[in-house]
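Data first, discussion second: the structure below is written as structure tokens.
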Amino acid sequence: MIILKRIVRIFFLILSACGLICFLIPFYCGVLNIGNGTGILLCTVVFLTSFFFGKIGAACRKSRPFRVSCRIVLVVFLIGVCWAVFLTGLMVYGSVGMKPRAGATVVVLGSKVNGKQPSADLRVRIETAASYLKANPKAKCVVSGGKGAGELATEASVMRAELIVRGIEPSRIFAEDASRTTRENLQNSLAVIDKNGLSRDLAIVTDDYHQYRAGRIAESLGVSHGAVNAATPWYILSACYMRELLALTKFLLLP
């Protein structure tokens, strides 16, 4: 039993240390959001708990209220792990969703702009959209995203300029530059689509982890959709993934 406890303790020490490194990498690359902030906090708590496991166990044996509190925390932690696994399954399911229908309007969902330059995450969405538009020369495109804190240009204007640089004709690109959330992205894009007589079948360009939530929102707005996945850069994936876990939790539990 003692050996098993030591193995479990070492396992969680290594796991939490590796997790801490994964969440610190985006921070080193200039990304600090609620995603990697939460990840850093959780991994630090697990690491310290594992490191001081012996002292915590001794305190539990001496104090019944403390022992009960620790058990409650453990149950909550295990429920959280199961919830994260469930949400991860939904993300995977969304990323392998239906392909866009022929003639679908491409909608590129916004992401952070650094000054007037696309962030690493937004850049891969732009590149993915450009590749899809070149492969489907008759498709029209709506770039969607307003201007957030610290941004010197709207996400839509940056995406439009980058798509033109990549050889997409300006006449194929429409823009909405007022949205701040995924729901607003899609609602405002549909307004542009209806105004210009474009197809309400959507080809949603966003990161694979984001496709499930984006697709569910599109369905709630009464439109069909297909997924065009952008590959999230590995060095910010941990922050993006954890942020989406929180966003998806809010979406499912607080609609």
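Restricting segment 1-52 to residues that are of a type in the set (Phe, Trp, Tyr) and closer than 30 Å to Thr232 by Cα leaves a set whose member that is nearest to the chain's Cα centre (by Cα) is Phe23. Give the residues of segment 192-208 that are assigned to a loop (DSSP other than H, G, I, E, B) and over 25 Å from the mean Cα position of the chain (by Cα), sorted by residue number. Listed by number, the residues that qualify are Asn196, Gly197, Leu198, Ser199.
Take Val124 and decide whether it is crowded, with 19+ Cβ neighbours inside 10 Å, in contact (Cβ under 8 Å) with a residue 40 or more places away in the chain and in a strand (DSSP E or B).
no
Residues that are over 26 Å from Ala120 (Cβ atoms) and of a type in the set (Phe, Trp, Tyr) were ranked within segment 1-40; the one that is surrounded by the most Cβ atoms within 10 Å (Cβ to Cβ) is Phe12.
Out of segment 141-151, which residues are hydrophobic (A, V, I, L, M, F, W, C) and at pLDDT 95 or above?
The first filter runs over segment 141-151 and keeps only residues hydrophobic (A, V, I, L, M, F, W, C), leaving 141-143, 149.
Those that are hydrophobic (A, V, I, L, M, F, W, C) and at pLDDT 95 or above: Cys141, Val142, Val143.
Residue pairs whose Cβ atoms lie under 6 Å apart, separated by 6 or more positions or on different chains, with the first residue in segment 68-86 and closer than 17 Å to Ser16 by Cβ and the second at pLDDT 95 or above and in a helix (DSSP H, G or I), are Ala84/Leu245. Of all residues in segment 110-121, exactly one satisfies the criterion of being open to solvent by less than 20 Å² (accessible area, probe 1.4 Å) and in a helix (DSSP H, G or I), namely Asp121.
Note on segment 153-191: residues that are assigned to a loop (DSSP other than H, G, I, E, B), over 25 Å from Ala247 (Cβ atoms), open to solvent by 10 Å² or more (accessible area, probe 1.4 Å) and touching a residue at least 12 places away in the same chain (Cβ under 8 Å) amount to 2. Of Ser220, Ser238, all but one fail to be surrounded by fewer than 18 Cβ atoms within 10 Å (Cβ to Cβ) and either modelled with pLDDT of 95 or more or in contact with a strand residue (DSSP E or B) (Cβ under 6 Å, 6 or more places away or on another chain) (or both); the exception is Ser220. Residues in segment 127-150 that are of a type in the set (A, V, I, L, M) and surrounded by fewer than 17 Cβ atoms within 10 Å (Cβ to Cβ): Ala135, Ala149.
Of all residues in segment 94-101, none satisfies being hydrophobic (A, V, I, L, M, F, W, C) and either open to solvent by less than 60 Å² (accessible area, probe 1.4 Å) or within 21 Å of Asn33 (Cβ to Cβ) (or both).
The values are calculated or read from the model by the stated rules, or taken from the named source; none is laboratory data. No experiment lies behind these values; they were computed from the predicted model shown. Note that each Cβ is placed from the backbone with ideal geometry, even for glycine, and that neighbours are counted across all protein chains shown. All accessible areas refer to the heavy atoms of the entire protein, side chains included, with ligands and DNA or RNA removed. Shrake-Rupley method; radii C 1.70, N 1.55, O 1.52, S 1.80 Å.
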